[in-house]
Structure formats: C-alpha cells, structure tokens
Amino acid sequence: MIKSDISNYVISSRIRLARNLAKYPFPNKMGFEDGLRVIKEVSEPLEKYVDGKLIMLKDLEPIEIKAFTEKHLISNALAENIKTGGVVINKDSTLSVMINEEDHVRIQVIKRSLDLESAYELADKVDDLISENSEVAFDIHLGYLTGCPTNLGTAMRASVMMFLPALTINRTINNVIFSSSKDALALRGVFGEGTQAEGYMYQLSNQYSLGLSEKEIINSVKNQIYKVAEAEEIARDTLLNKNRVELTDMIMRAWGILINAYKIDTAEFMQNISLIKLGAALGILKIKNSALDEIIIACRPANLALRSGKKLDAIERDIYRAEFLKDVLPKMA
Amino acid sequence: MLCENCKKREGIPNVYILNGVTKVRYLCSECNSQIIKQKMGTGLGSGFLDDFGDIFNDLSDVFDQLFGVERNAPSIPSLRCSRCGTTSNEFLNSAFVGCAQCYKAFEPIMESVIKKCQKDNIHTGKGPNGIAKTYISLQRLNAELKKAVQDERYEDAALIKKQIEQLKGTQK
C-alpha cells in the first residue's frame, strides 16, 4: 500500500470508447458524403447534451489542430482527416467526442488524478445517447465492431498517465514495463513524439478489449497503477535518502534556468520542468504538480504560438516561452 | 502459443502502442526481459523510446506479427465483403476491416486473428440500449464457469451455475 496520496503518482485518467454506426462503411472505406452524414447524425444530439459546439477540422488553422492534439483533445488520426473529421468538446474540456477518426465515433473522457470510474460513467452516458439515436455496429459475440480487431468487444481503452521520475532515474522502469506487459497492460512514454519519455511521464493502459467487461478492465488497470505507484514511492524514498543534497541542487538549478533564461526550446524546457515536477513531488518545492502540468501543455509549440497571437519562428517561440515562464513560474512558488 | 523467440516456453502477448500503431509480440517472460535488457543497455535517459522502438524494428512489421500466420498459410481462401468490397488480403495487410459486415465475410480467418490480439472471443461487457443484456450476462457467467472448472474451483462453479439458472429463469 502507498503511504501518500495517489495523485502524487498519477496525472490523469482517460477512458476511450470506440463506436461505429451500422449503416455506413467504416471511415477508411467511407466516401465524403457519408462522412458528412455521420457527422450530422452523431453531432446533433450530442451538441444539445454536452452544451458544446461541433468543430470541423476543415474550419481550423493547422496550428489550431496541432494545439488540440497537444492538449490530447483530439488524436493524431483525427488530425489527419481534415475533410470529414469533427469533434464535439464539452465546456470544461473533460469530454471530447471525435467523429470520423479510425472509427466513426471515439468518445474520450479525461479526469484529473486516478478516477477511471467517473470518466467511464460520463463516457457511458454519452455512449447511451449515441445508441439511442443511431444503430451502433454490435455483434452479440464480438461486442462493438471496430475498424481494427484489436479494439473489439468493449472497444474500451482505459489509460492512466503516471509521473514516474524515481523509477526512470534509478532505471527500474524496465522491470515495471515488463511486469505490466505480463498483465496485458502497456506502459509507454507520453511526450516527445515517440522519441523520448520526456517529463518522466508514462501512460499505462489495457491491451485487451474483448473477453473482459468494462469493470474488469478498469479494475485491472487500477490494480496495476497502485503496484507501479508503490514501486515509485519506494524508489523516491531511496533517491531522497541517498542523494538529497545533489537532488535538491539539481532541482534548484533547473528552477534558476526556467525563471532566468532569455530563450528556451522544448527539449530544455521539458528537461528542467520535469525536475521541478520531481521537486514538487518530493516536497522540495512547495508547488502544486497539477499547476505544472498545465504549464507543460501551455508551453508545447502550437499552444504557445496560439497564446502569443502571432506567427512565431522557432527562435521567437523559444524567447516567448522564456518570457511566459518568467511570468507564470514565480507566481507559483 | 509458443514464445516467438525461443519457441520453447509459453509466450504471452506483449502489446505496445507507439505513435498510434499497435505492436504485438508473443514472448515468454525470460525472452522479453532479455530483449528489453539488451536493447535498453544500461541507460534509460533520453533515448528511452528510441531504444524501445528498436525492439520492434527487429521484429518484422507489426501486422505480420498480428496476422502473418494467416497471410502465409496456403489454405486461406480469398474472401471479399459483398457490402464494402474489402478483400481478406486488404484486411490482413492493413489490419482494418471496411465495415461491420466484414466480420461476417472474413469469419474463416477472423477467429485466429482475434485469438492473437484479444483475451477471449466472447464479449462480456456492455451492449447498446440494453440489447440482450441477459444474453451478455449469460455469456459472462458461462465464461466464468469455464474458468472456475479449469481452475478446479468447484464451489465457485456451483455458485455460478446457480446464477446461470436464475438468469435463464428470468428469461422465460
């Protein structure tokens, strides 16, 4: 059992349900007209229910699409479907319903900390609404029918974003990755466009969607989260006991860079903000980790460009990032 | 299923999603940890996912892993979905079906595909609008019963049997 609160290890929880409308071919085989029909059929009842407007990708600037992906509100697969891709997002951005992604409908709910149950509850309600209005592709044996058989059955992915600095630093993350794959769960790095586990952030999710109920999937992911959190807690204790002085120095230096730099690129920013997050998690800095997570999103390239309100080249963006950090970070400490 | 590496011990599916692509490989625990160790070396810092990606570059393309056996087997009939026109070959190459009916059209190959990427081939979760909720519950209980008998948990099995009978009773 872990001694401290689970939110010291978990950033957010996400439930994703995939659904297809029975009467249309799936998006990879669907024509433009059918694509628009699916948009209309799915979005109309949804807009009323979630009090959010349908956003069509064709109406967005490329930078706005990128900013949505950085915020995890839309997937890369949806971002590629400019012609018929659409999304309905609720007011507090906890729910996004992607239309014409890999499947006709991808319902996604993101909640802070470890809260798969309430995320599922909302996703389930939206799912009910969709199947009240449209015939959803379903088979009594195979469950919900999806574009790729890896998503059949519940068509559900339950993922949890974890913050695992100590396990990364002491390199035991290897074992964690291994033990979770044994349980048919996957753990992978979150940021860095697939090249780096930047920010010590990892995503743990179920791999099987058929043969287990939604509840069983959520429970197995949750169980694993607690195991990983326990390992991280032990690793943090050890790290702090053995290297308190060096660690504190590293973290304070990172703070110094972030609030003093004249320009800072994404990689250097991620490297240093990760240390700040570690400092916050270890109690060396009195800062809320959730506030830091928001800064991380705000400092991703497209979100930063949108915030500035003008077109920035790479250097201008790095200068703007440094200015932004100088403004927001001191207020937090 | 045997481990793809040593072909001796029982392999378990190691599934990862990288850049939105699902990669599946059946490995036993020994081979899996060996490969991870080899590939990751001692450092885990910046190049972590690079190394990780490497593991999979060694293994031929993901869907070869997923569906390769079916594609190479000579006895596989060439199938075509009458509704959307997707062929079995297209499906095995892309891992995507074209419509709901494809699952019926490709039934002869679907079972082994599902076996490779899923825990079971019987849905035990939610259904739309309460469709056949009882049926799904029955499927779930039957699956649990099978498992209980396999594990020789006979007391549990008896309990589950009772539940099944109750559920069947409410159907009449």
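Given the conditions (1) in contact with a helix residue (DSSP H, G or I) (Cβ under 8 Å, 6 or more places away or on another chain); (2) more than 14 Å from every other protein chain (Cβ to nearest Cβ), report the number of the one that A:LEU129 does not fulfil.
(2)
Taking the condition of being away from chain A (no Cβ under 14 Å) and either out of contact with any helix residue (DSSP H, G or I) (no Cβ under 7 Å at 6 or more places or on another chain) or modelled with pLDDT of 80 or more (or both), how many residues in the range B:129-167 meet it? Write out each step before concluding.
As a first pass, look at the range B:129-167 and keep what is away from chain A (no Cβ under 14 Å): B:145, B:148-167.
Applying the additional criterion that residues be either out of contact with any helix residue (DSSP H, G or I) (no Cβ under 7 Å at 6 or more places or on another chain) or modelled with pLDDT of 80 or more (or both) yields B:145, B:148-166.
Residues flagged as away from chain A (no Cβ under 14 Å) and either out of contact with any helix residue (DSSP H, G or I) (no Cβ under 7 Å at 6 or more places or on another chain) or modelled with pLDDT of 80 or more (or both) within the range B:129-167 amount to 20.
Restricting to the range B:69-101, give me the number of residues that are modelled with pLDDT under 90 and β-branched (Val, Ile, Thr).
Adding up the residues that qualify gives 2.
Being more than 23 Å from A:SER12 (Cβ to Cβ) and either part of a helix (DSSP H, G or I) or of a type in the set (D, E, K, R) (or both) narrows it down to one of A:ASP327, A:ASP293, so name that one.
Details: A:ASP293 fails: more than 23 Å from A:SER12 (Cβ to Cβ).
One residue alone meets the criteria, A:ASP327.
Show me the strands (runs of 3 or more DSSP E) found entirely inside the range A:117-224 where at least 2 residues are at pLDDT 95 or above.
Where strands (runs of 3 or more DSSP E) fall fully within the range A:117-224 and carry at least 2 residues being at pLDDT 95 or above, they are A:156-163.
Do you know which residues across the range A:225-239 are hydrophobic (A, V, I, L, M, F, W, C), modelled with pLDDT of 90 or more and either under 12 Å from A:ALA281 (Cβ atoms) or not in a helix (DSSP H, G or I) (or both)?
Passing the criteria: only A:ALA229.
Could you please find all residues in the range A:267-283 being touching a residue at least 24 places away in the same chain (Cβ under 8 Å) and either in contact with a His (Cβ under 6 Å, 6 or more places away or on another chain) or crowded, with 19+ Cβ neighbours inside 10 Å (or both)?
A:PHE269, A:MET270, A:ILE273, A:SER274, A:LEU275, A:ILE276, A:LYS277, A:LEU278, A:GLY279, A:ALA281, A:LEU282
Considering only residues that are touching a Phe, Trp or Tyr at 6+ places or on another chain (Cβ under 9 Å) and either exposed (fewer than 14 other Cβ atoms within 10 Å of the Cβ) or under 30 Å from B:ARG140 (Cα atoms) (or both), which ones fall in the range A:227-256?
The answer is A:VAL228, and nothing else.
Among the residues of the range A:68-81, write down those that are under 13 Å from the mean Cα position of the chain (by Cα) and part of a helix (DSSP H, G or I).
Result: A:PHE68, A:THR69, A:GLU70, A:ASN76.
Among the residues that make up the range A:62-71, is at least one of them within 27 Å of A:LYS23 (Cα to Cα) and either away from every other protein chain (no Cβ under 12 Å) or touching a Lys or Arg at 6+ places or on another chain (Cβ under 9 Å) (or both)?
No - not one qualifying residue is present in the range A:62-71.
Being over 20 Å from B:ASN121 (Cα atoms) and in contact with an Asp or Glu (Cβ under 9 Å, 6 or more places away or on another chain) is the filter here, so list the residues in the range B:142-159 that pass it.
B:ASP156, B:ALA157 - these are the residues of the range B:142-159 that are over 20 Å from B:ASN121 (Cα atoms) and in contact with an Asp or Glu (Cβ under 9 Å, 6 or more places away or on another chain).
For A:LEU46, state whether it is in contact with a strand residue (DSSP E or B) (Cβ under 9 Å, 6 or more places away or on another chain), crowded, with 19+ Cβ neighbours inside 10 Å and not in a strand (DSSP E or B).
Criteria met by A:LEU46.
Give the number of residues within the range A:293-326 that are closer than 21 Å to A:ALA267 by Cβ and free of Cβ contacts under 8 Å to residues at least 24 places away in the same chain.
Of the residues in that region, 10 qualify.
When the range A:142-158 is examined, which residues are found to be at the interface with chain B (Cβ under 7 Å from one of its Cβ atoms) and within 16 Å of B:ASN129 (Cα to Cα)? It would help to see each step written out before you state the result.
So in the range A:142-158, the residues at the interface with chain B (Cβ under 7 Å from one of its Cβ atoms) come out as A:142-143, A:145, A:147-150, A:152-154.
Within the range A:142-158, A:GLY143, A:LEU145, A:GLY153, A:THR154 meet the criteria.
The values are calculated or read from the model by the stated rules, or taken from the named source; none is laboratory data. These figures come from a predicted structure and were not determined experimentally. Please note: Cβ atoms are built from the backbone with ideal geometry, for glycine as well, and neighbour counts cover all protein chains shown.
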